[in-house]
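Student: I have a structure I would like to understand better, so I am pasting it below and will then ask my questions one at a time.
Each reported figure results from applying straightforward, stated rules to the coordinates on display, with no laboratory input. All of these numbers come straight from a predicted model, not from anything done at the bench. Cβ placement follows ideal geometry from the backbone for every residue including glycine, while neighbour counts extend to all protein chains displayed.
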Amino acid sequence: MPTNRTFTMIKPKAVENGHIGAILDKIGASGFKIVALKLTQLSKIDAEKFYAVHNERPFFNELVAFMTSGPIVAAVLEKENAVEDYRALIGATNPEEAAEGTLRNLFAESMTKNAVHGSDSDENAAIESAFHFSEREMFA
Ligand code: CMP
């Protein structure tokens, strides 16, 4: 996995609200190439594993319940400096603090329902991409 890739999920509420197209459009307009993409739904076990790093946090159960509540879009994005640039595009975790024009500023409803996930490091981007996609589902 080259370090110019990051992983994202469009979360259930943003999918339910019909924002998939607008979010993918902004991702493309910001210079990211989509190299893997799927509409899927996390099981409780999937979500607990994906967010295991947060399992001691008070919001963990709410996060797992929300992330399993409906379909999500999972994607791998490619761009130079992908992890950092994508985190700039999505904005702060708390949508009230997300800069104007960022995906969370435009599409999030709350800290839990914050529209999109973005990997926080190259290492996690590789782990999270492999969690959702096999090698033959990721394209150069
Ligand atoms: P995400 O980027 O998917 O990574 C972990 C998620 O946990 C985060 O987005 C938020 O949705 C959620 N989260 C992080 N901090 C809090 C918090 N203090 N309260 C509620 N949810 C949180």
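Student: Test SER129 against the stated conditions and say whether it is closer than 18 Å to LEU42 by Cα and within 13 Å of the ligand (Cβ to nearest atom).
Tutor: So SER129 does not fit the description; no.
Student: Now, a different point. So how many residues does the range 36-50 have that are under 12 Å from THR68 (Cα atoms) and crowded, with 16+ Cβ neighbours inside 10 Å?
Tutor: 5
Student: Out of all the residues in the range 103-136, which are charged (D, E, K, R) and either surrounded by 14 or more Cβ atoms within 10 Å (Cβ to Cβ) or within 17 Å of ASP85 (Cα to Cα) (or both)?
Tutor: The answer is ARG104, GLU109, LYS113, ASP120, ASP122, GLU123, GLU128.
Student: Hey, another quick one. Counting just the residues of the range 57-97 that are of a type in the set (Lys, Arg) and within 12 Å of the ligand (Cβ to nearest atom), which one comes out nearest to THR8 (Cα to Cα)?
Tutor: ARG87
Student: In the range 115-128, what residues are over 10 Å from THR8 (Cβ atoms) and assigned to a helix (DSSP H, G or I)?
Tutor: Within the range 115-128, ASP122, GLU123, ASN124, ALA126, ILE127 meet the criteria.
Student: For the range 115-124, enumerate the residues that are more than 12 Å from the ligand (Cβ to nearest atom) and either in contact with a Phe, Trp or Tyr (Cβ under 7 Å, 6 or more places away or on another chain) or without any contact (Cβ under 8 Å) to a residue 40 or more places away in the chain (or both).
Tutor: Answer for the range 115-124, where residues must be more than 12 Å from the ligand (Cβ to nearest atom) and either in contact with a Phe, Trp or Tyr (Cβ under 7 Å, 6 or more places away or on another chain) or without any contact (Cβ under 8 Å) to a residue 40 or more places away in the chain (or both): SER121, GLU123.
Student: Could you list, in sequence order, all residues of the range 1-28 that are among the hydrophobic types (A, V, I, L, M, F, W, C), in contact (Cβ under 8 Å) with a residue 60 or more places away in the chain and within 21 Å of ALA108 (Cβ to Cβ)?
Tutor: Correct list: PHE7, MET9, ILE10, ALA14, ALA22, ILE23, ILE27.
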